[in-house]
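Student: Before I ask anything, here is the structure I am working with.
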């Protein structure tokens with residue numbers, strides 16, 4: 001049974017009023033939480049009811065390659081009390097990249113004070129973190145397993161620290177880019193919700209024809225054909241669309257358009273003949289980042305068929 005669809009209640013948090021105003025969109029609930037982990041923790045306890053939580057605003061880069069005006073989409077939030085995974089980060093990152101943003105994915109670190117010196121930034125960068133802020137960890141913890149996303153615009157870098165003349169230029173670049181984030185988060189929120197995911201693949205014995213048959217039998221709102229460009233993938237897309245189901249070819253989670261997921265509560269994920277299993281796993285994991293997934297492995301059911309030994313055949 002397809003999970004019941006109801007609009008997800010999304011709350012977007014920002015530390016500063018200027019950040020909240022940049023993210024604001026009609027119908028988008030944006031809450032100003034104040035600067036620092038203590039204020040963020042207090043605000044987290046008073047948030048309105050939500051099904052998904054997002055955090056946005058400015059951040060400091062820990063890596064010289066992550067420059068002012070670029071965006072960091074957190075794959076995980078690291079704080080003093082633990083780490084919170086952001087499993088749908090690639091879906092958001094892909095949407096922002098298609099909008100023209102320079103996007104970096106990776107861990108984001110929350111500290112209780114402004115990180116300044118180059119040596120301190122280098123030490124934090126050595127842990128693998130890309131950027132640092134002061135609010136995301138306590139807010140992400142409040143999500144308590146619900147979908148969570150963090151998108152930060154970079155103001156300062158190791159070469160151009162926060163208290164320097166370059167901050168003005170970096171801040172303006174970050175603010176311009178931050179104004180595009182609210183729309184992406186609204187799109188992400190619209191895609192949040194429970195889903196049924198149906199896995200299918202061509203069988204080794206019957207080849208691509210079995211894949212086309214599997215696509216036609218999936219019965220989904222949207223079919224994602226996983227694999228590189230080529231005639232095989234095109235045939236699978238055509239088979240789905242010929243049966244009246246929208247379909248598209250993707251190679252990685254960032255290729256999956258969030259706006260197409262908003263109305264798709266049953267998603268078919270079909271592995272092309274040359275699709276690596278890790279690519280299918282990554283896409284399913286990203287879909288899990290949008291909410292509970294009821295997974296049905298049609299590929300496993302197909303390969304479970306067997307032929308009787310000739311000695312006992314009728």
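The values are calculated or read from the model by the stated rules, or taken from the named source; none is laboratory data. Note that the coordinates shown come from a computational prediction; the quantities given were computed from them, not determined experimentally. Note: ideal-geometry Cβ built from the backbone for every residue, glycine included; neighbour counts use all protein chains shown.
Student: Within the range 256-299, can you find the residues that are under 22 Å from residue 148 (Cβ atoms) and assigned to a helix (DSSP H, G or I)?
Tutor: 258, 259, 260, 261, 281, 282, 283, 284, 285, 286, 287, 288
Student: Does residue 27 satisfy being on the phi > 0 side of the Ramachandran plot and assigned to a strand (DSSP E or B)?
Tutor: Judged against the criteria, residue 27 is not a match.
Student: Quick test for you: out of 122, 186, 153, pick the one residue that is over 30 Å from residue 270 (Cβ atoms), assigned to a helix (DSSP H, G or I) and in contact (Cβ under 8 Å) with a residue 24 or more places away in the chain.
Tutor: Criteria check complete, one pass: 122.
Student: Can you name every residue in the range 266-276 that is surrounded by fewer than 18 Cβ atoms within 10 Å (Cβ to Cβ) and under 21 Å from residue 188 (Cβ atoms)?
Tutor: Of everything in the range 266-276, nothing turns out to be surrounded by fewer than 18 Cβ atoms within 10 Å (Cβ to Cβ) and under 21 Å from residue 188 (Cβ atoms).
Student: Here's a follow-up. Mind listing whichever residues of the range 125-152 are touching a strand residue (DSSP E or B) at 6+ places or on another chain (Cβ under 6 Å), crowded, with 24+ Cβ neighbours inside 10 Å and within 22 Å of residue 186 (Cβ to Cβ)?
Tutor: 133, 136, 139, 140, 147, 148, 149, 150, 151, 152
Student: Based on this model, can you work out whether residue 279 counts as assigned by TED's automatic domain parsing to the domain that holds residue 222, surrounded by 17 or more Cβ atoms within 10 Å (Cβ to Cβ), under 19 Å from the mean Cα position of the chain (by Cα) and at pLDDT 95 or above?
Tutor: no
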